Structures are given as C-alpha cells and as structure tokens.
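Quick notes on the structure that follows.
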Amino acid sequence: MITKPINTNIITGFLGVGKTTLISQLLAHKPKGEVWAVLVNEFGEIGIDGGLLNAAAAGNENSDPDATPAKPASIVIKEVPGGCLCCVSGLPTQVAINQLIQQTKPDRLLIEPTGLGHPAEIVKLLTSEYYRNVITLQSSVCLVDARKISDPRYQNHGTFAQQLQMADVLLANKAQHYTETDHVQLQQFLNTLHLQQAPLINVDNHFTDVDLIQQLLLRLNTPTKYQTVQAGQRLLGRKTLMDNWLSNEPPLSDIDTPEFSPTGFIHKTNQGEGCYSSGWVFSAEHCFHFEQFMAWVDTVKMENVLRLKAIVITYDGVLSVNMVDDKLMLNELDDALDTRVEIISDMPLEHQRLQQQLLACL
C-alpha cells in the first residue's frame, strides 16, 4: 500500500488570539473518515488547551451518527506543556510528535505552538532529514488581533513578528471589534515586515462561518513556502515508512499524567520571552465554590495579567474560564478529570499569595 506522508500544518498566533477556537472548528468540519491528530504546546507548565480540545473532540465524535463505542477515535489530542515545543533540541518535542504518529497514524497533524514560541524552530525540525519521509509540511496559519498592534508588548516582541513572517495565511481574528484605525495599523505593521502580499482574511464570527472553515480547510492543503522536497519523491509503503523511521525514534515516555502531592494539588511555574506563568492542578477530589472562585478571578483581573485560563470543577458544574487581558469568557463543560488554573503575565507573579487565595475557594 502506497501512502503519502502525513499532511502537517502549524497554527500560530500570540497569547489569547483564538488558536484553540480555530482548531476546534477545523476538527468539527474535518473530512469524514480521516483521522486527525493535534499537538498543543502551552507556555505554562500544566496544560489546559488540550483539555478544551479534547472536550470539543469528544463532542464531535458523539455527534457522529455512525460512531460506535468500539470505533477508534478520529481525533486525537496530545499536549506538551512548558513552552518546549519550539526548542528543536528538546526531546519532548520529538517524543510527542512520534507518539501521535505511531499510535494514531493520522491523515493530518495540526501543531499549535505556544503563543510565545518561535515557529521557525518547529519548521526547522519538521523539514529536517529525520521527518523527511514522514511529514509533508503544508500551509501554516497565523492569527493576529489588530487591536494589539499598537501595544509595544506585541509590536516590539520578536516572536510576534516571526509568527507573522513565517505564516502562509494570516487571519485577522475578532475583526468585529476593530476600528478603521486598527485595520490601518495592522496593514502598516505588515508592510514593515514586508508582508504586503500575504493572504489576509478578516474573521468576525468566532470561526462559526461554515464557508470560511471550508475555505481554510482547502488552504491547509496548499504547500508551505518552506517546503523544499517534492511530495512525489516522498511516497513510501506504510510498513516501510514506519519501520525505517521508528528505528531511529526517541524512547516513548508519559508526559501527560500529573503526580499529585499529599495535599491533592501541584503548582508549577515558568518564565521566558519576558513573561511569567503560575499554574495549579487540583485532583478531582477538590471542589470549588463558584462564587468564591469568580471573586478570585476578579482580583486577578485587576492585576492586568496577559492571560488566565482554567477548567474548574465546582459544586455547580464544570467551568471553563478564558481571560485575555481584561476580557472574560465563561463556558460550561460536561466533565473534567481535574481542575487546572493558569496565569500568564509580563510581570513576576506573587505565587504564594495567589495560591492562598485560590485554596480559600475550595
């Protein structure tokens, strides 16, 4: 059996721009019968986006009238926390990619680096000799919020500029909130990066427009400008491809399961690229009071953090929280294995104070 290498796309964008929302919608409209894998990397050490995508994927699987309990999942999500995905020398990068490919043999692989990650590094890895016969790198997509262009934290951040420069397709997300000045400033910034001819699509509907998603699905199949090997030179039998490649594969390891302390929670921090993170994972035995937790979110909101994400088991149900700058979004989830809370800021965080306040919400 002759099989093409795995179609692979990188989806980038700065913190909170809507990457996870886009991927969820792409998964909901993927071609029937195809198996898709998603590798998510977060700057924080605990990982939350993977859980949100898993919830969306489970909903998609359950909505399939042909799905049966014995049928293998057509969507598989794997998460690498800690911002290490864009470090080519980092073993977790190859381990995670190899696990997904070996275990699921997907038709398509979507990779979402952290919003603070360098996409050039992951492109370098995916186009290396090691993955030459395994992966076909296709169009990369970068999401941008035009309202952020005037903010020096974004405008002067080298990673933000690199994400735009590496993209084959640019999506100006949340365009329903733009002013004419926002549109002009975005185009001017793209001009300074010599991206005048880059395809730019305005998105103002949270990716709920089916026609837009179908257009993006077609664009995913376009070769990236960084792909140098012709697909016709890369055809191999599935068994030969896997046998040759897996013989050089790094050892597999479990990087997803949290190990709780006797207190029933863990706390992890990270810093880099001028940002700081503080995150907590609580076992499912812990349950939060909704009102007290939301009051805690309000105190964090006043500190002008860049991002707060959470999946929280409360007495009123499972809550997902997404706060970008001072904009807060809440949703209800069907289930969660544990509670996860992550804060990202461009200023050092007072970990102990935040933790004590969080524990008081139990």
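Find the strands (runs of 3 or more DSSP E) located wholly in the stretch 255-362 whose residues include 1 or more that are on the phi > 0 side of the Ramachandran plot, and list them.
Output list reads 265-272, 317-324.
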Q. Can you tell which of 110, 193, 200 is closer than 23 Å to residue 224 by Cβ and either touching an Asp or Glu at 6+ places or on another chain (Cβ under 9 Å) or crowded, with 20+ Cβ neighbours inside 10 Å (or both)?
A. 110
Q | All strands (runs of 3 or more DSSP E) inside the stretch 91-175 with 1 or more residues being without any contact (Cβ under 8 Å) to a residue 40 or more places away in the chain | A | 169-172
Q: For the stretch 316-325, indicate whether the set of residues that are surrounded by fewer than 18 Cβ atoms within 10 Å (Cβ to Cβ) and free of Cβ contacts under 8 Å to residues at least 12 places away in the same chain is non-empty.
A: no
Q: Report yes if some residue within the stretch 340-355 is touching a helix residue (DSSP H, G or I) at 6+ places or on another chain (Cβ under 6 Å), of a type in the set (Ser, Thr, Tyr) and closer than 29 Å to residue 39 by Cβ; otherwise report no.
A: no
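Where a number appears in this text, it was derived from the coordinates with a stated rule and is not lab data. What you see is a predicted model; the values in this text were computed from it and never measured. Ideal geometry is used to build each Cβ from the backbone, glycine not excepted, and the neighbour counts take in all protein chains shown.
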